[in-house]
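Have a look at the structure below before the remarks.
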Amino acid sequence: MKARFYITLLVYIFTFSSIFSQHNPEQAGFGEFQPGQQVYVFGNEVQLRTAPDTSSDVLQKLKIGEWVKIIEKTPNSWPYNGFESPFYKVKYNEMTGYILGGLLSIQRKTLKGTHYYFALSKQGNTVFLNIRHVQDGTYWEKKTRLVHTDFKITVLGDKGVPNLDGILFVDYLSNTEDRENGGIYLFPHNHMLTEVVQLSQVSEAGNYYHSENLIFPDDHGGIPDKIFYKKEQGKNLDASSNWIQTAVETRELSWVDGKLIPNYNEKVPNP
């Protein structure tokens, strides 16, 4: 029985460590790409080198949006944008060389014919999602702060919002109640991305919850031409009698000239 218990414990520790390392950029190393994967260049004038170091000869300079095929991850790394970034052996056209992982896009998303590229950076203890796209030969960048680095990026249509060309949604993923499970909405406007709202969704062991949502015109319960903001907070006062205290705040918002108005974060006036 003891042997079986220790084996189970070791399997659990190994599994937990593996999962954690996959989602922690400091442990996993920034830019975890797999052999055979097609990856797009995030940086501009990125140097394809003859060896996995910064002093080797340059074979070619790659522009943002060009793609390479991953051959393998090397043991060599270099500090870049707050992370220890590994070098990758890659194939570009008929050339084989090495590129720093931090200069490669972790994803590419396309919204209304425009390609967006994504990379992480870190300043102190704060992690940012850097988003770039090319417009009329110039690349533009949006930088938004992240609560944590477990997320997926989803492309949405205009959801029925007038004068909106689509939505990028950074959706936080969480497997624990007390970890942020909200997200970030970004709307394109005049060649740039606007961070419209950071929504929070957290709970605490069934004792407390805080939830923010946007309901769009095309969603169930949506209002034509409006974005409906809803914030709900609840507290469990007595679990035995299911005594719960809740507070709900709602507001109708409009997308006008690149702004979401009125300010959904406006403080409730004193009575």
Query raised in the report: Among the residues of the stretch 203-220, is there at least one that is in contact with a Gly (Cβ under 8 Å, 6 or more places away or on another chain) and more than 30 Å from P188 (Cβ to Cβ)?
Result: yes
Report task. For residues that are part of a loop (DSSP other than H, G, I, E, B) and either at pLDDT 95 or above or in contact with a His (Cβ under 8 Å, 6 or more places away or on another chain) (or both), tally how many sit in the stretch 35-47. Result -> 4
Report summary line: Restricting the stretch 120-157 to residues that are more than 9 Å from the chain's Cα centre (by Cα) and of a type in the set (A, V, I, L, M), the one farthest from E66 (Cα to Cα) turns out to be V147
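Does G258 fit the bill of being in contact (Cβ under 8 Å) with a residue 60 or more places away in the chain and either closer than 28 Å to L186 by Cβ or assigned by TED's automatic domain parsing to the domain that holds L214 (or both)?
Values: in contact (Cβ under 8 Å) with a residue 60 or more places away in the chain: yes; either closer than 28 Å to L186 by Cβ or assigned by TED's automatic domain parsing to the domain that holds L214 (or both): yes.
Against the criterion (in contact (Cβ under 8 Å) with a residue 60 or more places away in the chain and either closer than 28 Å to L186 by Cβ or assigned by TED's automatic domain parsing to the domain that holds L214 (or both)), G258 qualifies.
For K143, are the conditions met, namely being surrounded by fewer than 18 Cβ atoms within 10 Å (Cβ to Cβ) and either farther than 15 Å from G43 by Cβ or touching a residue at least 60 places away in the same chain (Cβ under 8 Å) (or both)?
Values: surrounded by fewer than 18 Cβ atoms within 10 Å (Cβ to Cβ): yes; either farther than 15 Å from G43 by Cβ or touching a residue at least 60 places away in the same chain (Cβ under 8 Å) (or both): no.
No: the conditions fail for K143.
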Query raised in the report: Just for the stretch 171-199: of the residues that are farther than 20 Å from F228 by Cβ, touching a residue at least 40 places away in the same chain (Cβ under 8 Å) and among the aliphatic types (A, V, I, L, M), which one is surrounded by the most Cβ atoms within 10 Å (Cβ to Cβ)?
Result: L193
Query - In the stretch 48-89, the residues that are more than 25 Å from the chain's Cα centre (by Cα), in a strand (DSSP E or B) and of a type in the set (A, V, I, L, M) - result: L48, V58, L59, I71
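Yes or no, residue by residue, for (1) of a type in the set (A, V, I, L, M); (2) surrounded by 11 or more Cβ atoms within 10 Å (Cβ to Cβ):
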residue	(1), (2)
S203	no, yes
H210	no, yes
L214	yes, yes
H220	no, no
I223	yes, yes
I244	yes, yes
V256	yes, no
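I'd like to check something: does the stretch 98-118 contain any residue that is in contact with a helix residue (DSSP H, G or I) (Cβ under 7 Å, 6 or more places away or on another chain), crowded, with 17+ Cβ neighbours inside 10 Å, in the same structural domain as Q47 (by TED's automatic domain parsing) and part of a strand (DSSP E or B)? Spell out how you get there, then give the answer.
Narrowing the stretch 98-118 to residues in contact with a helix residue (DSSP H, G or I) (Cβ under 7 Å, 6 or more places away or on another chain): none.
No, because not a single residue in the stretch 98-118 is in contact with a helix residue (DSSP H, G or I) (Cβ under 7 Å, 6 or more places away or on another chain), crowded, with 17+ Cβ neighbours inside 10 Å, in the same structural domain as Q47 (by TED's automatic domain parsing) and part of a strand (DSSP E or B).
The values are calculated or read from the model by the stated rules, or taken from the named source; none is laboratory data. Note that this is a predicted model, so its numbers are computed, not measured. All Cβ positions, even for glycine, are placed from backbone atoms using ideal geometry, and neighbour counts span all protein chains on display.
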